[in-house]
Amino acid sequence: MKTTDLAILFVIITLPFMQILRIKSDNLQNTAYRSVLLNSYIDAAVEDASQAMIELSGGNKITISREKAMNAFLQTLFINFNVNDRIDQLRLMAYIPAVVLIDYDGFSICSMEEYINSEGDIEQKMVWKPKKPYAYESDGFIYLFTLDSYVKVYNSDTNIYYEGSFTDLKEKLPGTLLKDVEIFEQVRKRTIVEAIESEVNNAINLHNTYAGRFGISYRFSPPSISNADWHRNIEDVGILAFIQGIPIGLGGERFNSFALGASRIVRKKTYYIQQDSNGLFYYHRSQCPNLTEKSEAYDSREECAGKGAFPCHYCRP
């Protein structure tokens, strides 16, 4: 067989495989692009929601409106997804198993719920559930935590109620978890994370019942979120939204993500500690260009210094 014949035969054999590989490569690129695009949509939606939910009343008192938050969140999503028809909007909402309002002293979950309308028909609607506290109980004491060091403590044995910051109550309750600031912070963060995570998981698992009625065959399941991500999510009052199951590729790929929009009510200034190439730890402002990862936030420079960190020479916190 001539060399040219072999070359032609080689092309005939390999061409279909090359075509398949090209299609797969194009699909992967398109899927990655779609994922980035949808992440930008949900990021914009939670940011708008976190700003819309803040209401100022007399004396600059801040209140949080769950309804305004949800309206702003959905409105931004509908605009970005270019969804105007009510049926299409409901279908898009079917990919949202849970939205969480992380408030200062508790949290609320907004998830799909079934109800009977005025005409007697069964409908599904995103509904806010009652607010739940960040509650922890140990050795006869009930602790109601907040997003900072302020805490309410109830002694069930003496029926005495305490309220104040960690520093205020430390001397009054020496035999409790307030005896040590690190233990207090560990328990506080774990309590908040576990409370929110449990309700989110329940809402997502239950969402499968409603999603199927919109023709969505995707199986919704609780996402895997690291402790570092959870701790970043509870640094301030904000909106945490979960979106799952949106088709984004020819190979059955689905978009699964969550996003947080923080309001900056609790933490006016935030610092982050990071190890430098010289082995030393430095604390940075949140917008410092030398900061490459944000694992845990600190409220003050004194707190960072207490961890053995030096101020960054670039952002000069």
Qualifying residue in the range 293-310 (condition: more than 21 Å from D229 (Cβ to Cβ) and assigned to a strand (DSSP E or B)): yes
Candidates F214, F258 - the one that is more than 24 Å from R316 (Cα to Cα) and buried (at least 19 other Cβ atoms within 10 Å of the Cβ): F258
Test result for K170, within 23 Å of R66 (Cβ to Cβ), without any contact (Cβ under 8 Å) to a residue 40 or more places away in the chain and surrounded by 11 or more Cβ atoms within 10 Å (Cβ to Cβ): no
Among (1) in contact with a Pro (Cβ under 9 Å, 6 or more places away or on another chain); (2) of a type in the set (S, T, N, Q); (3) under 23 Å from Y218 (Cβ atoms), the one test that N80 misses: (1)
Strands (runs of 3 or more DSSP E) contained in the range 34-146 and holding at least 3 residues farther than 20 Å from I243 by Cα and among the aromatic types (F, W, Y): 141-145
2 or more residues at pLDDT below 90 and not assigned by TED's automatic domain parsing to the domain that holds I62: qualifying helices (runs of 4 or more DSSP H) within the range 152-243: 166-170, 181-211
Whichever residue in the range 46-85 is among the small types (G, A, S) and loosely packed, with under 11 Cβ neighbours inside 10 Å and, among such residues, is modelled with the lowest pLDDT: G59
Test: residue in the range 230-244 that is over 14 Å from the mean Cα position of the chain (by Cα) and polar (S, T, N, Q): no
Condition check for D88: charged (D, E, K, R) and modelled with pLDDT of 85 or more: yes
Residues (farther than 17 Å from D180 by Cα and either touching a Gly at 6+ places or on another chain (Cβ under 6 Å) or among the aromatic types (F, W, Y) (or both)) located in the range 113-161: Y115, W128, K131, K132, P133, Y134, Y154, S156, D157, Y161
Residue list for the range 174-189, restricted to those being out of contact with any helix residue (DSSP H, G or I) (no Cβ under 8 Å at 6 or more places or on another chain) and more than 22 Å from C304 (Cβ to Cβ): P174, G175, T176
Those residues of the range 193-215 which are free of Cβ contacts under 8 Å to residues at least 24 places away in the same chain and touching a Ser or Thr at 6+ places or on another chain (Cβ under 8 Å), in sequence order: N205
F184 under 24 Å from R66 (Cβ atoms), surrounded by 20 or more Cβ atoms within 10 Å (Cβ to Cβ) and of a type in the set (A, V, I, L, M, F, W, C): no
Residue in the range 167-181 that is under 22 Å from F242 (Cβ atoms) and either touching a Pro at 6+ places or on another chain (Cβ under 7 Å) or not small (G, A, S) (or both) present: no
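The values are calculated or read from the model by the stated rules, or taken from the named source; none is laboratory data. What you see is a predicted model; the values in this text were computed from it and never measured. Neighbour counts are summed over all protein chains in view; Cβ atoms, including those assigned to glycine, are modelled from backbone coordinates with ideal geometry.
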